[in-house]
């Protein structure tokens with residue numbers, strides 16, 4: 001892979017370099033820059049013309065300028081990459097923290113809901129148990145009352161029952177004998 005020379009950089013990065021060239025060599029006009037169009041020889045000529053540099057001096061200065069600019073661009077790119085990496089790392093850490101917080105909150109909410117549900121079910125079971133016990137007691141009371149009533153009626157109508165039983169027995173006997 002061929003390394004870029006400063007001449008290649010000047011030509012390939014001309015649009016980005018123009019502003020920096022203007023700052024470095026303020027005597028160069030827009031027309032001078034348009035004429036140069038990123039060409040190495042043209043820039044050397046413009047520097048010689050505007051600043052009175054010798055060819056060797058103009059080449060040395062332009063070479064040093066591009067080296068400095070290229071290092072700054074690489075440094076800025078490295079800084080930007082590092083800043084982007086830090087930003088991504090911070091975002092990931094914030095997301096992890098947010099997910100952990102959300103998980104803990106959900107876990108706590110679910111635990112509270114489970115406890116409330118358990119309490120509600122326990123309360124409902126107790127209420128149902130009380131209700132069933134009350135109904136059972138009412139049924140027992142009704143059975144006792146019914147039994148007592150039947151018992152009283154049987155005692156009060158004992159002769160009537162005995163007479164009815166006797167009559168039924170005689171009727172059945174008569175019917176059987178006639179068969």
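Bear in mind these aren't lab numbers, they're just calculated from the coordinates by the rules spelled out. Every value quoted in this text rests on a predicted model; they were computed, and no experiment measured them. Counting neighbours? That spans all protein chains shown, and the Cβs are built from the backbone with ideal geometry, glycine included.
Testing the spin-label approximation: label points 7 Å from Cα along Cα→Cβ at residue 96 and residue 146. State their distance in nm.
Each label point is offset 7 Å from its Cα along the Cβ direction, giving 7.4 nm.
Could I have the simple spin-label model distance between residue 160 and residue 48, label points 7 Å from Cα toward Cβ, reported in nm to one decimal?
So the two model labels end up 14.9 nm from each other.
Assuming 0.36 nm per residue, please report the length gained on full extension of the stretch residue 105 to residue 8 beyond their Cα-Cα distance.
Length gained, residue 105 through residue 8: 29.0 nm.
So, in Å, what gap is there between the alpha-carbon centers of segment 128-179 and segment 86-105?
About 80 Å separates the Cα centre of segment 128-179 from the one of segment 86-105.
Over the chain, what is the relative contact order in whole percent, taking alpha-carbon pairs under 8 Å and six or more residues apart?
Relative contact order, the chain: 12 percent.
Return the FRET efficiency for the residue pair residue 37, residue 71: r is the Cβ-Cβ distance, R0 is 30 Å, and the value is rounded to the nearest 0.05.
0.80
Comparing 95, 143, 111, which has the greatest mean-square fluctuation in the GNM of the chain with Cα pairs linked when under 10 Å apart?
Largest GNM mean-square fluctuation: 143.
Using the eigenvalues of the Cα gyration tensor, what equivalent ellipsoid semi-axes result for segment 6-96 when each is taken as the square root of five times the eigenvalue, whole Å, largest first?
37, 12, 10
I want to verify a result. In a Gaussian network model of the chain, Cα cutoff 10 Å, which of these has the top mean-square fluctuation: 148, 35, 89?
Between 148, 35, 89, it is 148 that shows the largest mean-square fluctuation.
Can you sort 156, 50 so the residue with the fewest Cβ neighbours within 10 Å comes first? Please report the intermediate quantities before stating the final value.
On the way: 156 10, 50 15.
Fewest-to-most ranking of 156, 50: 156, 50.
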